[in-house]
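The values are calculated or read from the model by the stated rules, or taken from the named source; none is laboratory data. For clarity, every value in this text was computed on a predicted model and none was experimentally measured. Cβ coordinates were reconstructed from backbone atoms using ideal geometry, including for glycine residues, and neighbour counts include every protein chain displayed.
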Amino acid sequence: MGFGRWKNSWIPFGMLAGILLLKIANPPFVEAVQLRLFDTFQRLKPRAYQEAPVLIVDLDDDTLRRLGQWPWPRTQVAELVRRLTEQGAAAVAFDAVFSEPDRLSPQQILKSFPLAAADGSAADGSAAQALAKLPDHDEIFSLSLAQSPVVLGFALTSESAPSNPPLRKAGIAFGGDDPRRFVPVYEHAVTNLPILEEAAAGNGHFNILSEPDGVVRRVPLFLRYQNTLEPALSAEAVRVALGASGYLIRSSGASGLTAFGAHTGMVEVKIGAFTVPTDGEGRAWLYDTGHVPQRSAAAWRVLEGKLPAQAVEGKIVFIGTSAVGLKDFRATPLSPVTAGIEIHAQLAEQIVKGDFLIRPDWAMGAEIVYLLMLGLALVLLLPKLGPLACAAGFVAAVGAAFGGAWWAFTQKRWLIDPAFPSLAAFGIYGAASLHSFFRTESERRRVRHAFSRYLSPEVVSRLAENPGQLKLGGENKPMTVLFLDIRGFTKIAERFNAQELTSFLNQFLTPMTQVILERRGTIDKYMGDAIMAFWNAPLSDSDHARHACEAAVGMRIRLVEWNRERYRAAKAAGRRWIPVHIGIGINTGECCVGNLGSEQRFDYSVIGDAVNVASRLEGATKVYGVDVVIGEEVEKSSPGLAALEMDLIQVKGKHQPVRIYALLGNAELKTDTAFQTLSLKHHSMLAAYRSGQWSHARQLVRECMELETPQLRLRKYYRLILERLAECERRPPGPNWNGVFIALEK
């Protein structure tokens, strides 16, 4: 591609560069496109639920109707924990926070008892004394926690919340960059009562962070409370179930990880024997199954002993609610309404099963390369192949990209985004097509401007629609060339000054040019009072000879009208009127047409022997006294027009004789009976002349002159033949005479 074509592509190239920068920056709206695509992948092929050691004990609406509204007395919660532990639960995790003392605890009731003293001690009265002797519910709950593998949950918040910092239950080690640099930071927390946190085996946040559109797609395994990393509830539940003491976080720069010096964040988290891949912010992708009834059991069944032990044994149990009144619902890729506890349980399932969605660290680079290659292909190939071929290639490339992304998702669980690069490439295609359209329109305007003064509007429009038909440089092809000249122009010019002469020529050349353009001719040049025109270029014209002849006949007719107009104008002005007569020569033959000239200046013109002959034929009109002289090839190509053979001549500079004809009129004249009679007589006259029958030829000439009309303008021609016959009788030609007349003038 030359510099000019590169220059013409700066708009799509600039758009491609801008989109690449946009993709690298990955602003929220760009990420939103790929997230919607990943949602579609999950809806088309969600994670198949397989029985896993994860169970939800659901505080559902049925349980709350049976056992009372939430929150329950801590003794009842303790009983739930005790039963689950007895049934062999590997871990029990609460998707709830116990941040305040149990309001149903005897000590809390005693504080509001009417007989209580001002300091809160028991006053006189058997009821108050009895309450004071009862054990505290939170103490009972803490004892239950201490005897069970329980994980408590807490909430991190950006809003001020007076409470104690979360009590860490596990150690955290990391390799590579400090993960605290990459995870969201919270300054406040809503935590459990210290007595409960101390008794629990684990403690994790249950924050579920949604994307800007409100959909939960990634769950943070770690968040930062002030300067401390805090694990997620699901991760703590798995850790406690495994009996692991802590976590190992691997970040960019860790041993075995290639980051090329970039600080891209967290990569994976090891929990005992399990490894969880994460994004840079420590989030694991939720591979959604949707709601699965087999995953849950109503809490009332546990408390009433109706849940078999094998349903609990060895499982990680999450206690939470799907009750509508408690409003713990989130949107996920598969459902706009999902209980929060299900998200924690699903992540635990994924950890245990090792069934993860992964956004590979090379995915962004692959998408950028795909966008770059597709964009460059469109920008570079569109001018060569055109929009339809590029559109077909674009559709094929996009189809392959989406097919590859779908294969990667279903077979490898990789999240690859072909959507934004494809949409961006479509935008580039649109920009490149639009730019090509405007460039083509500009080219068409240039063609129209360049040829509007030389070609008919019809031809200009055809060229503008397909500029490729305009071949620059030289091209050999058969063409028809026309020369027109005003007879006696010197005498006419003597009557005008320079300004008047210019006006006269403009008035004459304008209607003559119009006739030529209407017959698909191309104006080559104006030479003072003369016009040179040609046919069959720049657009091909299979009937070019006929169209040139029709133009000549049309110019004769238009000249008669123009002379009448000038006569009326001269008479009205009291000026002398001089009629204008023209001579036209037309010839057909092989020519070279194209841009001819120098590097500084060139013209679209035609050269060749046929051009020279056409010029000689125009000059022959003066000798034979007719308006239009045409060559033999022209006459053969225009059989429907009225023409008579004039002579067999050898023009100056040529060795081969040329048969010439007088073009006298259109098809209407040719079918006229009088003209047909004249044509037969004329043909017989030429035959007698060329065979040396001088006397007979003279008689036939006189008969032709009687049949000739002033409109045909053949009187001078017949007089010329009579002169030749007289000369032949005085000086008979030799035996090798073939009737050829040698023209000594151009």
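Counting the residues of the stretch 710-731 that are within 26 Å of V628 (Cβ to Cβ) and in a loop (DSSP other than H, G, I, E, B) gives 5.
Just to be sure before I move on: is G625 closer than 26 Å to H682 by Cβ and either surrounded by 13 or more Cβ atoms within 10 Å (Cβ to Cβ) or at pLDDT 95 or above (or both) in the structure I sent? Criteria met by G625. Residue count for the stretch 473-521 under the criterion of being under 47 Å from the mean Cα position of the chain (by Cα) and either crowded, with 17+ Cβ neighbours inside 10 Å or outside any helix (DSSP H, G or I) (or both): the result is 16. At pLDDT below 95, assigned to a loop (DSSP other than H, G, I, E, B) and in contact with a Ser or Thr (Cβ under 7 Å, 6 or more places away or on another chain): is that true of S163 in this structure? Spelling it out, S163 is indeed at pLDDT below 95, assigned to a loop (DSSP other than H, G, I, E, B) and in contact with a Ser or Thr (Cβ under 7 Å, 6 or more places away or on another chain). Mind checking which pairs have a first residue in the stretch 706-735 that is over 30 Å from T673 (Cα atoms) and a second that is among the hydroxyl-bearing types (S, T, Y), Cβ under 9 Å, 6 or more apart or different chains? Pairs that qualify, where the first residue is over 30 Å from T673 (Cα atoms) and the partner is among the hydroxyl-bearing types (S, T, Y), are C728/Y689; E729/S695. Contact map, the stretch 62-83: first residue assigned by TED's automatic domain parsing to the domain that holds D95, second residue small (G, A, S) and modelled with pLDDT under 90, Cβ cut-off under 6 Å, separation 6 or more or different chains; pairs are L64/A323. Of the listed requirements (1) at negative phi; (2) surrounded by 19 or more Cβ atoms within 10 Å (Cβ to Cβ), M705 misses just one: (2).
Does A530 satisfy the condition of being closer than 20 Å to A610 by Cβ, in contact (Cβ under 8 Å) with a residue 24 or more places away in the chain and surrounded by fewer than 21 Cβ atoms within 10 Å (Cβ to Cβ)? For A530, the condition - closer than 20 Å to A610 by Cβ, in contact (Cβ under 8 Å) with a residue 24 or more places away in the chain and surrounded by fewer than 21 Cβ atoms within 10 Å (Cβ to Cβ) - is met. Considering R47, R5, R103, R65, the condition of being of a type in the set (K, R), modelled with pLDDT of 90 or more, surrounded by fewer than 14 Cβ atoms within 10 Å (Cβ to Cβ) and not in a strand (DSSP E or B) is satisfied by R65 alone. Restrict the check to the stretch 599-611 and report whether at least one residue is aromatic (F, W, Y), assigned by TED's automatic domain parsing to the domain that holds N476 and over 44 Å from the mean Cα position of the chain (by Cα). Taking every residue of the stretch 599-611 in turn, none turns out to be aromatic (F, W, Y), assigned by TED's automatic domain parsing to the domain that holds N476 and over 44 Å from the mean Cα position of the chain (by Cα).
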